[in-house]
Amino acid sequence: MSTLTLLIVIVFCVGYLCIALEGLTKINKAAIALLMCVLCWTLLMTGPEAYYPTIGGENILHHISEVIEHHLGDAAGTLFFLMGAMTIVEIVDTNGGFNFVRDAIKTRSKRKLMWRMTFMTFFLSAILDNLTTSIVMIMVLRKLVQSRGDRLIYAALVVISANSGGAFSPIGDVTTIMLWIKGVITTQGVITEIFIPSLVSMLVPAFILQYQLKGKFDKSQNLPKAEITQFTKAQRNIIFWLGVGGLCFVPIFKTLTHLPPFMGILLVLGVLWTVTEIFHHNTAEDDTMAKRVSDLLSRIDLSTIMFFLGILMAVAVLQEVGVLSMLGGVLDTTFEGNHYLVTGIIGVLSSIVDNVPLVAGCMGMYPVAAAGDMAVDGIFWQLLAYCAGVGGSMLIIGSAAGVVVMGLEKITFGWYMKKITWIAFVGYLAGILIYWLERTLFF
């Protein structure tokens, strides 16, 4: 490893440490992520010949600009998807669209609410995706749980359940989508063989965390009445089905048009925005502007968006200098032949750095074999789908779902690491054990 590469890694690690210690430093994690991103790219520009030896002269600067634009394009697709999904959910929530979801899981028992919420999050994340489902469930929880201490436990379970549910579905997580599109896993294979391990990885943490939730909610703080809106019940139902149905349609839109997922989200947002404007136009209320999309856009948490941008672009530098590929090579050499250890460690790493470049690096590093563990639906690829998805639950910034919940509920890195990390890790290991038993006994 060159001195310049080492400097980049040090800057990334120091920045990551500052993000982890946000509760102590009182400096917003988005500011640190942006500084880390710019410093890493600046260091890369000080010695570009070391990384692009075949390109010389002024062409190398042009090439690096193209590299940055390429990574920025990938990050922007994720960010626009995130902003679109957050806006859609905010529209549906503000106009009473989630009232029936709230009514379906509401109960005065804290533990009953936990189990209902956990299972709904798990299965919804497989249909929608873990990111969108997390936003939906946090919005619903805000209506049901007024105590911040209790809601933090529920929010942590939302992250775990959403990531576990997304791991067994080809459209539930961005990494499973990548593996599915690449053709190394099939829909039938990943559902039949990863479903039970994913379920166990959710059930074990939920079983442990239920003991932190005792008794019942007070009537005064739980089960608030539905907010009165100027829309009729039929209009609220239309908004709900356009919003949630539209989110379900996004993967279909991508398959039909081959356009990026964020284009589908923008389509749904455009349709929903138009419909709500028509509904507002036909109402006689004077305060309808308060619930129009143009006003709701101001509620989007831009600090979370900026944090996501900084993290994705900083990790992109590690990808460009070859740190991730080198790490994968070391794992392959050290644990040659033991795919459970290799993918297990990759899963742990996915909670520290973004799982997308890790999975992308694995797809480029390991060839698809005609038979054996590296074949389509082989042990390696299925475990990679599970570990990269579920492993992100171990740290609050280890997954897109965690980052969004962190921003919405203001969860600190330190609280999550102290209270939840070991619980998520136990569930993660339990799922791998169940998969090993499946492969040993049945497949």
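Points to keep in mind about this one:
- As a calculated quantity, the FRET efficiency between Trp241 and Phe195 at R0 = 25 Å, using C-beta atoms, amounts to about 0.40.
- Accessible area per residue (1.4 Å probe, heavy atoms of protein chains only) ranks Lys418, Lys410 as Lys418, Lys410, with the largest value leading.
- Span-like helix ranges in the chain, DSSP H, alpha carbon extent 18 angstrom or more, Kyte mean at least -1.0: 3-20, 29-46, 59-94, 110-127, 130-144, 148-167, 187-209, 233-257, 261-281, 302-320, 421-441
- The chain - accessible surface per residue (Å², probe 1.4 Å): 43 Å²
- Of the solvent-accessible surface of the chain, computed with a 1.4 Å probe and all protein chains present, 67% belongs to carbon and sulfur.
- Using the average count of surrounding beta-carbon atoms within 10 Å as a protection proxy, the listed peptides 138-151, 119-132, 75-88, 296-309 rank, highest first, as 119-132, 75-88, 138-151, 296-309.
- Pairs beyond 22 Å (Cα-Cα), from Lys110/Lys419; Lys143/Lys410; Lys112/Lys410: Lys112/Lys410
- Counting only DSSP H runs of at least 4 residues, each contributing -39500 (n - 2.57), and dividing by the residue count of the chain, the helix-based mean residue ellipticity at 222 nm comes to -24000 deg cm²/dmol.
- Computed from point charges on the beta carbon alone (+1 for Lys and Arg, -1 for Asp and Glu), the dipole magnitude for the chain about its Cα centre is near 2220 Debye.
- Net lengthening on full extension, Ala76/Leu302 (0.36 nm per residue, minus Cα-Cα): 80.0 nm
The values are calculated or read from the model by the stated rules, or taken from the named source; none is laboratory data. Not measured: the values here are computed from a predicted model. Ideal geometry is used to build each Cβ from the backbone, glycine not excepted, and the neighbour counts take in all protein chains shown. Calculation scope for accessible area: heavy atoms of the full protein, side chains included, ligands and nucleic acids excluded. Shrake-Rupley method; radii C 1.70, N 1.55, O 1.52, S 1.80 Å.
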